[in-house]
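K.L.:
Questions regarding the structure given below will be posed in turn.
The values are calculated or read from the model by the stated rules, or taken from the named source; none is laboratory data. Everything quoted here is computed from the prediction, not taken from an experiment. Cβ: placed from backbone, ideal geometry, glycine included. Neighbour counts: every protein chain shown. SASA here: full protein model, heavy atoms, side chains in, ligands and nucleic acids out. Shrake-Rupley method; radii C 1.70, N 1.55, O 1.52, S 1.80 Å.
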Amino acid sequence: MAKAKKEAKKQTLVIVESPAKATTIEKYLGPGYTVKASMGHLIDLPKSRMAINIEDNFQPEYITVRGRAKLLKELQKDAKKSTNVLLASDNDREGEAIAWHLNNALKDKTDADIKRIVFNEITPVAIKEAVKHPGTIDESKVNAQKARRVLDRLVGYNLSPLLWKKVKNGLSAGRVQSVALRLICEREEEVEHFIPDEYWTLEADFSKGKSTFTAQLVQYKGAKVDLKNEAAVNDIIKEIENSECKVSDVKATEKTVRPKPPFTTSKMQQSAANRLGFTSRKTMQIAQQLYEGIQMGANRVGLITYMRTDSVRIAQTALDEVRDWIGKNYPNDLPEKPIEYAVGKGAQDAHECIRPTYTSYTPDSVKEYLTRDQLRLYTLIWEKFVSCQMGNAKTRTTSIDITAGDALFRTSASKLVEKGFYNVIKLLSSKEEVTGSIPALKKDEVLDSAHKFYPEQHFTQGPARYTDASIVRTLEEKGIGRPSTYAPIISVLLDRYYVQRSNKQLVPTQLGKMICKILVEAFPDVINEHFTADVENKLDDVEQDKIVWNNFIGSFYKPFKSRVDEVDANQESVKGFLDEETDKTCEKCGKPMLKKLGRFGFFLACSGFPECHNTKSIPLAKCPVKGCDGEIVERKTKGRGKSFFGCTNYPKCSFISHFKPLENQYCPKCGWFLVEKFDKKNGNYKSCINPDCDYLHSAEDAAEKLPEA
């Protein structure tokens, strides 16, 4: 009886990272368990100094995070009252480091047995199983996190002061985000230097009875079509407009379409960006909510597995469940054996793929409990996972060649002949799988003459700027960063105003370009993708206990610090350039205006500061309106603050452009300024702002007519 009474008093403290997770897990574990949240790191490096003891083999100098001392004391009190403490932070390097710091902070304050537990999903079965099998902290994983933090400190806290001294106070640089910035800046150079070439395409309508369909010109006089201008198109039309039209070939090909692997973090971010228009940060925030638990009636349920992973591995229990669901709902599309996907080279494989915790929780069955964005992301994850274990789909493409004189036109249509895994695909479906329809035609069949032609002008597209999806894909392909860092890398560049979003594209600012130029020229061996990828491999080696973290840091730091000192001594400061004198005078006090660089780019400021606070936008181009001597500057609308570009002589001159002038680039035909435009069909392209000029744009382009001077 006494023993039973003693057992009843046992109390287990479980410490997780977030309150939402704590609420969900406490409901699963019931009496005898108290679940508290550490709110992330309680002990970390201070922000005010480097805090790396270089003389003592690069040991970090940890402190209690400012504002977290009260929470740490509360956890120490809870631990003192408990018999057991289970550290349940996330199962990755950061989570392991949090558990390690908590263990060190609690072990001298309690007699409780402190253990580490890990899980990949927040479900009753997974949590109870983890509690039954507690383990110890993985010191090698902690060392890998420690090495990354120390390395980032050494780089950031050496490069940032250098930027303050040589460029501008308050700037910062980082090991990984500086490489991402370099990629974005190099792509921008390609965009800026690209000169589009004009070309034309020609389509025509053909008829068989009452059926009409459109085909595109693909060959002329036996050669591939290369139409440079409208005259070349019109010449062909004149040659063939009354020619006999005959079906010269009919081909039908079938293609097997295999399902794709379940989501990794990178692929989820890319898919959410392309399909839903989500930023990487938004995707991860919503995924975190789905992982930590959603209130569904009386129960709180974690709907997806851990969302930071580079593995496509699937647990056997999940495979059994999804195959059971497919067998009941789509028995004809259930493969004989589970489909296995190869884990990518360099993948950590510590976690499974991102998948629903329960296949039976279909998007329709949970939609009443989710916000619109939560439902859309959950639907992507559910569809991707269930479809990855279903049978192949099959498409049939019919291609028809039509001869008209010396011209060969071609049209094609595709349709699904076996749906396979597409049975569960809705939000993820691709329009490319099913395209158009054409009447049943036979070879040598004569058609009505081509009765309508559609010549269309195009311009070759330059390289596309990076988007959230494409930069994440590039970072993953080049081995830069890890699943947990993709979204923060983009966020840091945006928050520091080194990069801005335009039409969902990532565009470097003047400040970003300048910082990139200085860093790349001064530290080409550090600010490059190969070094960054090599660091990730070294961190993996530390985690696998193959190398000692201090030795790895030591081999990097000495030559790096030597280069920092060399650049500090020899690099010419550009601060003088940033405060460049102009020929403009302040209309308020008469003193010269200076060109300065702020966090939103360049602007004009009075040299009489602080006595005079006058600032103005930098002129981007000369106003094209005849007789106006004004300049074009950026303005913002009231309310949402959307940018547009107008004349400094407003309201006398009412010229407005919704497209940003390209710096010092004017039309060689009419002299008006050039702008950069974007549309889904043509991507980014340069255009003259003059609607009556045909330079690099068509007459129906959406440029505004200008007011009369």
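K.L.:
Is there a residue in segment 126-140 that is in contact with a helix residue (DSSP H, G or I) (Cβ under 6 Å, 6 or more places away or on another chain), over 30 Å from residue 573 (Cβ atoms) and among the hydrophobic types (A, V, I, L, M, F, W, C)?
P.N.:
Checking segment 126-140: at least one residue is in contact with a helix residue (DSSP H, G or I) (Cβ under 6 Å, 6 or more places away or on another chain), over 30 Å from residue 573 (Cβ atoms) and among the hydrophobic types (A, V, I, L, M, F, W, C).
K.L.:
Output the number of the condition that residue 143 fails; it satisfies all remaining conditions of (1) at pLDDT 95 or above; (2) open to solvent by less than 20 Å² (accessible area, probe 1.4 Å); (3) part of a helix (DSSP H, G or I); (4) not basic (Lys, Arg).
P.N.:
Evaluating residue 143 over (1) at pLDDT 95 or above; (2) open to solvent by less than 20 Å² (accessible area, probe 1.4 Å); (3) part of a helix (DSSP H, G or I); (4) not basic (Lys, Arg) leaves (2) as the failure.
K.L.:
Another one. Could you list, in sequence order, the residues of segment 290-328 that are surrounded by fewer than 23 Cβ atoms within 10 Å (Cβ to Cβ), within 25 Å of the chain's Cα centre (by Cα) and of a type in the set (Ser, Thr, Tyr)?
P.N.:
311
K.L.:
While we're on this one: Considering segment 512-532 alone, what residues qualify as being out of contact with any strand residue (DSSP E or B) (no Cβ under 6 Å at 6 or more places or on another chain) and open to solvent by less than 20 Å² (accessible area, probe 1.4 Å)?
P.N.:
515, 516, 519, 522, 523, 526, 527, 532
K.L.:
Assigned to a helix (DSSP H, G or I), within 21 Å of residue 468 (Cα to Cα) and in contact (Cβ under 8 Å) with a residue 60 or more places away in the chain: is that true of residue 561 in this structure?
P.N.:
The answer is no for residue 561.
Listed here are the residues, each with its yes/no results for (1) crowded, with 21+ Cβ neighbours inside 10 Å; (2) touching a Phe, Trp or Tyr at 6+ places or on another chain (Cβ under 6 Å).
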| site | (1), (2) |
| --- | --- |
| 94 | no, no |
| 110 | no, no |
| 127 | yes, yes |
| 179 | yes, no |
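K.L.:
Restricting attention to segment 23-37, does a residue exist that is of a type in the set (S, T, N, Q) and in a loop (DSSP other than H, G, I, E, B)?
P.N.:
For segment 23-37, residues of a type in the set (S, T, N, Q) and in a loop (DSSP other than H, G, I, E, B): absent.
K.L.:
Could you please find all residues in segment 169-219 being touching a residue at least 12 places away in the same chain (Cβ under 8 Å), of a type in the set (Ser, Thr, Tyr) and either closer than 19 Å to residue 505 by Cα or out of contact with any helix residue (DSSP H, G or I) (no Cβ under 6 Å at 6 or more places or on another chain) (or both)?
P.N.:
178, 199, 201, 207, 211, 214
K.L.:
OK, next. Does any residue in segment 406-423 that is on the phi > 0 side of the Ramachandran plot come within less than 8 Å, Cβ to Cβ, of a residue that is surrounded by 20 or more Cβ atoms within 10 Å (Cβ to Cβ) six or more places away or on a different chain, and which pairs are these?
P.N.:
420/259; 420/333; 420/390; 420/391; 420/393
K.L.:
Got at least one residue in segment 49-56 being assigned to a loop (DSSP other than H, G, I, E, B), open to solvent by 20 Å² or more (accessible area, probe 1.4 Å) and among the polar types (S, T, N, Q)?
P.N.:
Scanning segment 49-56 turns up no residue that is assigned to a loop (DSSP other than H, G, I, E, B), open to solvent by 20 Å² or more (accessible area, probe 1.4 Å) and among the polar types (S, T, N, Q).
K.L.:
Counting only residues that are open to solvent by less than 60 Å² (accessible area, probe 1.4 Å) and aliphatic (A, V, I, L, M), which one in segment 533-558 is nearest to residue 141 (Cα to Cα)?
P.N.:
Looking at residues that are open to solvent by less than 60 Å² (accessible area, probe 1.4 Å) and aliphatic (A, V, I, L, M), I get 542.
K.L.:
Show the residue pairs that are 6+ apart or on different chains and have beta-carbon atoms under 6 Å apart, the first residue being within segment 338-359 and closer than 20 Å to residue 478 by Cβ, the second being at pLDDT below 65 and open to solvent by 50 Å² or more (accessible area, probe 1.4 Å).
P.N.:
Within 6 Å, the pairs are 343/349.
K.L.:
Further question: So residue 152 fits all but one of (1) outside any helix (DSSP H, G or I); (2) in contact with a Gly (Cβ under 7 Å, 6 or more places away or on another chain); what number is the exception?
P.N.:
So the condition that residue 152 fails would be (1).
K.L.:
Give me the residue from segment 151-174 that is closer than 17 Å to residue 598 by Cα and out of contact with any Leu (no Cβ under 8 Å at 6 or more places or on another chain) and, out of that set, surrounded by the most Cβ atoms within 10 Å (Cβ to Cβ).
P.N.:
166
K.L.:
What are the residue pairs meeting all of these: first residue in segment 453-481, first residue closer than 18 Å to residue 229 by Cβ, second residue among the polar types (S, T, N, Q) and part of a loop (DSSP other than H, G, I, E, B), Cβ atoms under 8 Å, and 6 or more apart or on different chains?
P.N.:
Final answer for the pair search is 457/698; 458/682; 459/682.
K.L.:
Give me the pairs, please: first residue somewhere in segment 80-95 and under 15 Å from residue 29 (Cα atoms), second residue anywhere and assigned to a loop (DSSP other than H, G, I, E, B) and open to solvent by less than 50 Å² (accessible area, probe 1.4 Å), beta-carbon distance under 8 Å, and either six or more positions apart or on two chains.
P.N.:
84/112; 85/110; 85/112; 86/117; 87/117; 87/137; 88/117; 88/119
K.L.:
Looking at (1) closer than 17 Å to residue 602 by Cα; (2) open to solvent by 10 Å² or more (accessible area, probe 1.4 Å); (3) within 16 Å of the chain's Cα centre (by Cα); (4) in contact (Cβ under 8 Å) with a residue 24 or more places away in the chain, which is the one condition that is false for residue 492?
P.N.:
Going through the list (1) closer than 17 Å to residue 602 by Cα; (2) open to solvent by 10 Å² or more (accessible area, probe 1.4 Å); (3) within 16 Å of the chain's Cα centre (by Cα); (4) in contact (Cβ under 8 Å) with a residue 24 or more places away in the chain, residue 492 breaks only (1).
K.L.:
Can you spot a residue in segment 593-603 that is within 22 Å of residue 191 (Cα to Cα), open to solvent by less than 80 Å² (accessible area, probe 1.4 Å) and modelled with pLDDT under 85?
P.N.:
Checked segment 593-603: at least one residue is within 22 Å of residue 191 (Cα to Cα), open to solvent by less than 80 Å² (accessible area, probe 1.4 Å) and modelled with pLDDT under 85.
K.L.:
What are the residues in segment 329-338 that are open to solvent by less than 50 Å² (accessible area, probe 1.4 Å) and either assigned to a loop (DSSP other than H, G, I, E, B) or touching an Asp or Glu at 6+ places or on another chain (Cβ under 7 Å) (or both), if any?
P.N.:
Within segment 329-338, 335 is the sole residue that qualifies.
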